[in-house]
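Notes for the one structure printed next.
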Amino acid sequence: MRIIYHGHSCFELKGTAHTVLIDPFIKGNALATHIKPQDFKEVDAILVSHGHRDHLGDTIEIANNTGAIVISVAELAKYCAGLGVKVHRMHIGGKHDFPFGTVKLTQAVHCSAIDVEGRSVYAGLACGFLINMDGFCLYHAGDTGLFGDMELIGRRNFIDLAMIPIGDNYVMGPEDAAYACKLLKAKEVIPMHFNTFPEINQDVSEFISLLKENAPEAKCIPMKPGETYEL
Ligand code: NI
Ligand code: MN
């Protein structure tokens, strides 16, 4: 499976037969200068962790262009359905089989709202994703603070690759993110949600050294926007 990082929390998972996009924040993403929403041609599904602009992003445009199904918590999926795209509604703890694999929504300690003309419109709960695709188990934490049940997620899933926020301010910082990796026991870790805005600037080498201390078995895969990693 090829993992393409588009900066912030946006990942493109290219499996043998399907492509899944997570949190496609492209327009207005200072780290996504290598690609435009219209450049996505074949996308089967878009997973959206919550309604904030830096995650919902260009979901509607890409879903309209590609026919991708939008998968999210029920309230946010309902909002997207109202804009005319195909959706699948889920909620935390629930798992569903899709043609590309299975998706289970996990807890994320964060909130979810859609900005509609400067007002915050309720969008259900923020979530993370456990994805089983092409024999790999992936965990995208969404936006979240550190929580103890990451240990439970790690105990019940052999995570091949975890995508973990390290930006601090809105989400976990490097110290909590490294501790999260200890709880999750993921084999490989890609840090995300940093360096997009001034208040989430981080030196990724600090996270890498904290990861060595907290979860020495975990391998850090620091990715630059536009880079591809072969899992
Ligand atoms: Ni957020
Ligand atoms: Mn965010």
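Out of all DSSP beta bridges in region 1-68, what portion is antiparallel? Express it as a percent rounded to 5. Show your work: numbers first, answer last.
Values: 8 of 11 bridges.
Rounded to the nearest five, the antiparallel share is 75 percent.
Send over the Kirkwood Rh of region 182-222, from the inverse of the averaged 1/r over different Cα pairs, rounded to one decimal Å. Before the final figure, lay out the partial values.
Values: mean 1/r = 0.0924 Å⁻¹.
The answer is 10.8 Å.
Looking only at the chain, where both bridge partners belong to it, what percent of the DSSP beta bridges are antiparallel (to the nearest 5)? Working shown, then result.
Working: 30 of 50 bridges.
Expressed as a percentage, antiparallel bridges in the chain total about 60.
Any idea what % of Cα-Cα pairs in the chain are farther than 22 Å? For the chain, the fraction of Cα-Cα distances above 22 Å is 46 percent.
Each Lys and Arg contributes +1 and each Asp and Glu -1, all at the Cβ; summed about the Cα centre of region 1-154, the dipole is approximately 220 debye. Treating region 80-204 as a set of equal point scatterers at the Cα positions, no solvent, please give the Debye-formula log₁₀ I(q)/I(0) at q = 0.11, 0.16 Å⁻¹. Cα-only, vacuum Debye calculation for region 80-204: -0.41, -0.85.
Please give the charge dipole size of region 88-153, origin at the Cα centre, charges +1 on K and R Cβ atoms and -1 on D and E Cβ atoms. Round to the nearest 20 debye.
180 debye
Here the dipole of region 68-206 is about 700 debye; that uses its Cα centre as origin and unit charges on the Cβ of Lys and Arg (positive) and Asp and Glu (negative).
Laboratory data are not the source of any read-out in this text; all were calculated from the coordinates shown. All of these numbers come straight from a predicted model, not from anything done at the bench. Neighbour counts are summed over all protein chains in view; Cβ atoms, including those assigned to glycine, are modelled from backbone coordinates with ideal geometry.
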